[in-house]
Amino acid sequence: MSKNLTSRAEDYSKWYNELVVKADLAENSAVRGCMVIKPYGYAIWEKMQAELDRMFKETGHQNAYFPLFVPKSLFEAEEKNAEGFAKECAVVTHYRLQNDPDNAGKLRVDPEAKLEEELVVRPTSEAIIWNTYKGWIQSYRDLPILVNQWANVVRWEMRTRLFLRTAEFLWQEGHTAHATKEEAWEETKLINNVYAQFVENFMAIPVIQGLKTESERFAGAEETMCIEALMQDGKALQAGTSHFLGQNFAKAFDVKFTNKEGKLDYVWATSWGVSTRLMGALIMTHSDDKGLVLPPNLAPYQVVIVPIYRNEEQFAAVKQVADEIIGDLRERNISVKFDHRDTLRPGAKFAQHELQGVPLRIAIGPKDLEDNTVELARRDTMTKETVILDRINVVVEDLLEEIQESLFNKALAFRDSHITEVDDFEEFKKVLETKTGFISAHWDGTAETEQKIKELTKATIRCIPIDNKEESGKCVYSGNPSSQRVLFAKAY
């Protein structure tokens, strides 16, 4: 299985595409640009969902659901938002099919069934949600509204790649309404921090929190916060965004409230989201030429037990011990799979579980039963050890914690070693092409310089780190004065 994978050094992009399919995460569908997320891939996404959902609810948010379709007049109400997404919109124009009179057995769009107003398939839900909020909000007593929805969205991409960029993808989108600017800004920061904690603690991926430049902001936002991660090929990936929308959507949809002083004012807003793109980040941060490497916190099952036997009597003896281990591990909230399929030999099972990134593998055979031991293999380091049966539960629990921490530290060391301070544009281009990673460089703050660097190098400003220190210098491209460094990188 893994032997058939293209190596990362040979062709990183091909390695990624092959791994997604061969590890049974997802596949291309009959609909161009859309994917089928397979059960193993969806199990990982469900773990992400569950943890994020818990974190959202712990910070006071509730789930709701809003329509997939947005009337065009609502969508275009906030001009910047509409303009920003216009080229990516799928649009419904008719509501009925009919038998094709010129082609027996086929259907056609009924020309008499044209909608009075076109419906946009949501690329994002601000428009339909803020039109709804208008009916929910009259007074400061109705605020804040802290709502999240788990949904699918459509952004009509021409060049797609499984998980990273597809025409339809799954995500969560939070949409909150507040009485004051300060409260909305605190919400924006809170959620960006929630995303950072989730990605670092759960996915074992180090991130940099920062602000987007004006040209990179969400369409319709006054500020966009983000978390940026670095993949093994030295490209950045935006792992999540949290947007301070100001009063833009409240003004577009005339959402006013009576404040504590009895005066009418427009509501302040935020929106925020992460998507199945995180699956791509997970794969590209940790995996190797043998296949997936999953952090224990995200693995559909953290331990797999493979029985080794020659006859039914041996299988029964191994299964009895395996059942005891499974019961003990599950009491410790460790997920276990007993792979007793009789259609595959043990070696083939080992190869599959390596490919699918299962953190720990236990092999038990008749000889192990005699010695009161089991063989324990780690996926991250590909090392094996013999463990006394009586200690297996403690050893597994400790190792899972160790693997989670080790994966984060490995990714952090790689990330930190690929942040390079640069003061000269020729060096900027050289580092970008040879070392890759984040480049920390001075920028004069103008959109013109930002665009020129992008045209010349394909590198964009990933973020202005929130912990940036003020530092006088000269812009790496223009030579004009600059007060701080920003992070550039090529990105997905």
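The values are calculated or read from the model by the stated rules, or taken from the named source; none is laboratory data. In this text, all values refer to a predicted model and were calculated from it rather than measured experimentally. Every residue, glycine among them, receives a Cβ derived from its backbone with ideal geometry; neighbour counts consider all protein chains shown. The area values use the complete protein model at the heavy-atom level, side chains included, leaving out ligands, DNA and RNA. Shrake-Rupley method; radii C 1.70, N 1.55, O 1.52, S 1.80 Å.
Quickly run through the stretch 153-169 and pick out the residues that are modelled with pLDDT of 95 or more, open to solvent by less than 40 Å² (accessible area, probe 1.4 Å) and either closer than 30 Å to T59 by Cβ or of a type outside the set (G, A, S) (or both). So that I can check it myself, show each step before the final result.
Within the stretch 153-169, the first condition is being modelled with pLDDT of 95 or more, and the residues that meet it are 153-155, 161-169.
Pick out the ones that are also open to solvent by less than 40 Å² (accessible area, probe 1.4 Å) and you get 153-154, 162-164, 166-167, 169.
V153, V154, L162, F163, L164, T166, F169 - these are the residues of the stretch 153-169 that are modelled with pLDDT of 95 or more, open to solvent by less than 40 Å² (accessible area, probe 1.4 Å) and either closer than 30 Å to T59 by Cβ or of a type outside the set (G, A, S) (or both).
Scan the strands (runs of 3 or more DSSP E) fully inside the stretch 174-283 and keep the ones with 1 or more residues being within 26 Å of S406 (Cα to Cα) and open to solvent by less than 10 Å² (accessible area, probe 1.4 Å).
Values: elements: 208-211, 223-230, 236-246, 256-258, 264-266, 268-275.
Filter on the stretch 174-283 gives 208-211, 223-230, 236-246, 268-275.
Given the criteria more than 15 Å from the chain's Cα centre (by Cα), closer than 25 Å to E46 by Cα and touching a residue at least 24 places away in the same chain (Cβ under 8 Å), does L164 qualify? No; evaluated as a whole, the condition is false for this residue.
Results for (1) in contact with a Lys or Arg (Cβ under 6 Å, 6 or more places away or on another chain); (2) of a type outside the set (D, E, K, R), shown as yes or no for each residue.
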{"residue": "E397", "(1), (2)": "yes, no"}
{"residue": "A411", "(1), (2)": "no, yes"}
{"residue": "F428", "(1), (2)": "no, yes"}
{"residue": "T434", "(1), (2)": "no, yes"}
{"residue": "G437", "(1), (2)": "no, yes"}
{"residue": "E450", "(1), (2)": "no, no"}
{"residue": "E470", "(1), (2)": "no, no"}
{"residue": "Q484", "(1), (2)": "no, yes"}
{"residue": "F488", "(1), (2)": "no, yes"}
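On inspection, K106 does not qualify as at pLDDT 95 or above, closer than 27 Å to N63 by Cβ, touching an Asp or Glu at 6+ places or on another chain (Cβ under 9 Å) and among the charged types (D, E, K, R).
If the condition is being surrounded by 12 or more Cβ atoms within 10 Å (Cβ to Cβ) and not in a loop (DSSP other than H, G, I, E, B), then the stretch 100-109 contributes R108, V109.
Out of (1) part of a helix (DSSP H, G or I); (2) without any contact (Cβ under 8 Å) to a residue 60 or more places away in the chain, the odd one out for T343 is which? Every listed condition holds for T343 apart from (1). Screening K384 against (1) open to solvent by 60 Å² or more (accessible area, probe 1.4 Å); (2) farther than 30 Å from A317 by Cα; (3) in contact with an Asp or Glu (Cβ under 7 Å, 6 or more places away or on another chain) leaves a single unmet condition, (2).
Figure legend. Inter-residue proximity from the stretch 109-124: first residues closer than 30 Å to S242 by Cβ, second residues of a type in the set (V, I, T) and open to solvent by 70 Å² or more (accessible area, probe 1.4 Å), beta-carbon distance below 6 Å, spacing 6+ or different chains. Indicated pairs: V120/V91.
Consider the stretch 13-48 and keep the residues that are in a loop (DSSP other than H, G, I, E, B) and at negative phi. The one that is surrounded by the fewest Cβ atoms within 10 Å (Cβ to Cβ) is A30.
Figure legend. Inter-residue proximity from the stretch 214-225: first residues basic (K, R), second residues open to solvent by less than 20 Å² (accessible area, probe 1.4 Å), beta-carbon distance below 7 Å, spacing 6+ or different chains. Indicated pairs: R217/T224.
Restricting attention to the stretch 346-381 and to residues that are basic (K, R) and in a helix (DSSP H, G or I), the residue that is least open to solvent (accessible area, probe 1.4 Å) turns out to be K349.
Report whether or not F244 is more than 18 Å from the chain's Cα centre (by Cα), more than 30 Å from S440 (Cα to Cα) and aromatic (F, W, Y). Step through it out loud before you land on a result.
Details: more than 18 Å from the chain's Cα centre (by Cα): yes; more than 30 Å from S440 (Cα to Cα): no; aromatic (F, W, Y): yes.
Here the answer is no, as F244 does not meet what is asked.
Are any of the residues in the stretch 77-95 surrounded by 12 or more Cβ atoms within 10 Å (Cβ to Cβ), outside any helix (DSSP H, G or I) and at positive phi? Checked against the condition, which is being surrounded by 12 or more Cβ atoms within 10 Å (Cβ to Cβ), outside any helix (DSSP H, G or I) and at positive phi, the stretch 77-95 yields no hits at all.
Quick check: is even one residue across the stretch 112-131 under 30 Å from V20 (Cα atoms), out of contact with any helix residue (DSSP H, G or I) (no Cβ under 9 Å at 6 or more places or on another chain) and assigned to a helix (DSSP H, G or I)? Checked the stretch 112-131: no residue is under 30 Å from V20 (Cα atoms), out of contact with any helix residue (DSSP H, G or I) (no Cβ under 9 Å at 6 or more places or on another chain) and assigned to a helix (DSSP H, G or I).
Here's a check for you: in the stretch 1-12, which residue that is crowded, with 16+ Cβ neighbours inside 10 Å and either among the acidic types (D, E) or in a helix (DSSP H, G or I) (or both) is farthest from the chain's Cα centre (by Cα)? So the residue we want is S2. If you go through the stretch 284-316 and keep only what is open to solvent by 30 Å² or more (accessible area, probe 1.4 Å), in contact with a helix residue (DSSP H, G or I) (Cβ under 6 Å, 6 or more places away or on another chain) and either among the β-branched types (V, I, T) or not in a loop (DSSP other than H, G, I, E, B) (or both), you end up with I308, Q314.
Under the condition of being part of a helix (DSSP H, G or I) and out of contact with any strand residue (DSSP E or B) (no Cβ under 8 Å at 6 or more places or on another chain), which residue from the stretch 58-76 is surrounded by the most Cβ atoms within 10 Å (Cβ to Cβ)? Steps first, please.
Kept after step one, since they are part of a helix (DSSP H, G or I), are these residues of the stretch 58-76: 58, 72-75.
Then keep just the ones that are out of contact with any strand residue (DSSP E or B) (no Cβ under 8 Å at 6 or more places or on another chain); that gives 58, 74.
On the way: E58: 9, L74: 21.
Taking the candidates together, the pick is L74.
Of the candidates I191, I145, the single residue that is within 25 Å of E222 (Cα to Cα) and without any contact (Cβ under 8 Å) to a residue 40 or more places away in the chain is I145. The residue that is nearest to V476 (Cα to Cα), among those in the stretch 407-434 that are open to solvent by 80 Å² or more (accessible area, probe 1.4 Å) and in contact with a helix residue (DSSP H, G or I) (Cβ under 9 Å, 6 or more places away or on another chain), is E433.
Applying a threshold of 8 Å to beta carbon distances and a minimum spacing of six or more residues, or different chains, the list of pairs starting in the stretch 375-399 at a residue that is charged (D, E, K, R) and ending at one that is surrounded by fewer than 11 Cβ atoms within 10 Å (Cβ to Cβ) reads E375/T386; D390/N372.
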